[in-house]
Amino acid sequence: MGLLSKKDSKLILDPLADNNPITIQVLGICSALAITAQLKPSIVMAISVVFVLSVGNVVISLMRNIIPSKIRIIVQLIVVATLVIIVDQVLKAFAYTLSKELSVFIGLIITNCIIMGRFEAFALANKPWQSFLDGLGNAAGYGLILIIVGFFRELLGSGTLFGFKVLGDSVEKTGLYAIGYENNGFMVLPPMALIVVGLIIWVQRSRNKELIED
Amino acid sequence: MAIDTDKNSYTIIFAIVMVLVVGSILAGLASGLKPLVDANKRFEKQQNILYAMGINANEGTSDVEFISTDKVEDEFTSTITKQYVIEGTKVSEDSEAYLIDIKKEESKAKDASYTRRLPLFEGEKDGQPIYVIPIRGKGLWDAIWGFVAVDKSMTIQGVFFDHAGETPGLGAEIKQRYFMDDFAGEHLLNDAGVYKGINVAKGNADPKNERKSDNAVDAIAGATITGDGVTAMIMKDLKMYVPYFKTLK
């Protein structure tokens, strides 16, 4: 018996694959489209959501017996908004250029449906530790897809990773470009993120037939 | 003891307490981090001013690269030798002129009795004095602003533009190298010494930007309004400095 019981580790591992918030529950698609044109913002967004969701889940879970049910959605909203403002302020103070790049998307974490969904569906009915694991798992599942999509979109769309020219220089025609390779400009546009997500869903479901609905 | 969480009085008290707690946490955080955030904004301004003067880390890349934030303060104080505030015909030195908020000055100047304070930064490059002027205007969606570095005869040495929310891929391209680099060497005055500004022109028939004295650079396709905004802010804001430059000759 390790640090986590079997039930607890299921809370973390399930959302990573078989119950992934993006590919299975199809939540949080909006931000997955908007910020995944490059790898770096995808990773920062993933980290921010991990923070907001796991801490938020714990806070909601701690308050679950004292929150008046009539205003529980507003209370959840306040908790998300507070955490998001904290993330925003910290980024502004310690990673200014990044915060300028992400500007509006950090604020948009508030509207990320995964967060409200987990608060309402899990944290309100479970103990803090389980809620923390659930938040961690779901945010990580979301972040994982974000990073995969960001990886392919930046690599195929701009020929770079983290801004480094891994495929050679498209202007100077070095590396792959020397033999006639071209960047796919479509990949930097939001609709392609949807198609990449679709491909991930396809791969996932063909590997695990149980996920296919009738 | 179980609390009746459905009672109205409980709900109201809960809401009030929650707002107070959250409010004080956020207020504390914001004021605690304010010095750091302000420093970042100051560094950004210094980086932009130095960028317009051609002091940057552009070497070996096609992107806009500023000199790093840990070096910018030293570089700024050693490069910008003098900072002036121009008020009407009065010119005074002020080492904090770069902190003047030109947006506020612009709105104050609507009152005709107010003499607008115009900041001007003087530095030296290759033995020649260079003057950097902040400008601000409107793009298609939101504010655009920038810094223009000129020499004594008002020939542009370099520019930096930024924007709050222009269309990505179109108007937002004003902060790209290929657009900003075109301004270097352009004349703000015509041959007779009259202020003409720089026209961001469609159908300029000079895409390689070889004619430096035509008071025009090539516009970005699909970014007409943002381009007009750049033209307008150069026309309006730089013009106010012309009397000062006449005195330099």
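B:Ala57 fails exactly one of the following numbered conditions: (1) part of a helix (DSSP H, G or I); (2) under 34 Å from the mean Cα position of the chain (by Cα). What is the number of that condition?
(1)
Taking the stated definitions as given, is B:Asn48 more than 9 Å from chain A (Cβ to nearest Cβ), closer than 16 Å to B:Ala149 by Cα and free of Cβ contacts under 8 Å to residues at least 12 places away in the same chain?
Judged against the criteria, B:Asn48 is not a match.
Just one of the numbered conditions (1) exposed (fewer than 12 other Cβ atoms within 10 Å of the Cβ); (2) modelled with pLDDT of 85 or more is not true of B:Asp151; which one?
In the conditions (1) exposed (fewer than 12 other Cβ atoms within 10 Å of the Cβ); (2) modelled with pLDDT of 85 or more, B:Asp151 misses (1) alone.
Given the options A:Ile109, A:Ile201, A:Ile115, A:Ile145, name the one that is at pLDDT 90 or above, in a helix (DSSP H, G or I), more than 14 Å from chain B (Cβ to nearest Cβ) and under 21 Å from the mean Cα position of the chain (by Cα).
Answer to the selection: A:Ile145.
Taking into account only those residues within region A:6-44 that are β-branched (Val, Ile, Thr) and assigned to a loop (DSSP other than H, G, I, E, B), which is surrounded by the fewest Cβ atoms within 10 Å (Cβ to Cβ)? Write out each step before concluding.
We begin by selecting, within region A:6-44, every residue β-branched (Val, Ile, Thr); these are A:12, A:22-24, A:26, A:29, A:35-36, A:43-44.
Those still in the list that are assigned to a loop (DSSP other than H, G, I, E, B) too: A:22-24, A:26, A:35-36.
On the way: A:Ile22: 25, A:Thr23: 25, A:Ile24: 17, A:Val26: 12, A:Ile35: 25, A:Thr36: 28.
Within region A:6-44, the match that is surrounded by the fewest Cβ atoms within 10 Å (Cβ to Cβ) is A:Val26.
Do we have any residue at all in region B:195-215 that's closer than 30 Å to A:Pro190 by Cα, surrounded by 18 or more Cβ atoms within 10 Å (Cβ to Cβ) and out of contact with any Leu (no Cβ under 7 Å at 6 or more places or on another chain)?
Within region B:195-215, not a single residue is closer than 30 Å to A:Pro190 by Cα, surrounded by 18 or more Cβ atoms within 10 Å (Cβ to Cβ) and out of contact with any Leu (no Cβ under 7 Å at 6 or more places or on another chain).
Take the residues in region B:1-42 that are among the β-branched types (Val, Ile, Thr) and not in a helix (DSSP H, G or I); name whichever of them is farthest from the other protein chains (Cβ to nearest Cβ).
B:Ile3
Go through region A:68-106 residue by residue and tally those that are more than 30 Å from B:His163 (Cβ to Cβ) and facing chain B (nearest Cβ under 7 Å). First the steps, then the outcome.
Taking region A:68-106 and keeping what is more than 30 Å from B:His163 (Cβ to Cβ), we get A:68-79, A:82.
Applying the additional criterion that residues be facing chain B (nearest Cβ under 7 Å) yields A:68-71, A:75, A:78, A:82.
Of the residues in that region, 7 qualify.
Tell me the residue from B:Gly139, B:Gly158 that is farther than 30 Å from A:Ala34 by Cα and buried (at least 16 other Cβ atoms within 10 Å of the Cβ), please.
On the way: B:Gly139 fails: farther than 30 Å from A:Ala34 by Cα.
Exactly one of B:Gly139, B:Gly158 is farther than 30 Å from A:Ala34 by Cα and buried (at least 16 other Cβ atoms within 10 Å of the Cβ), namely B:Gly158.
The values are calculated or read from the model by the stated rules, or taken from the named source; none is laboratory data. The structure displayed is predicted, hence computed values, not measured ones. Methodologically, a virtual Cβ is constructed for each residue, glycine included, from the backbone with ideal geometry; neighbour enumeration extends over all protein chains shown.
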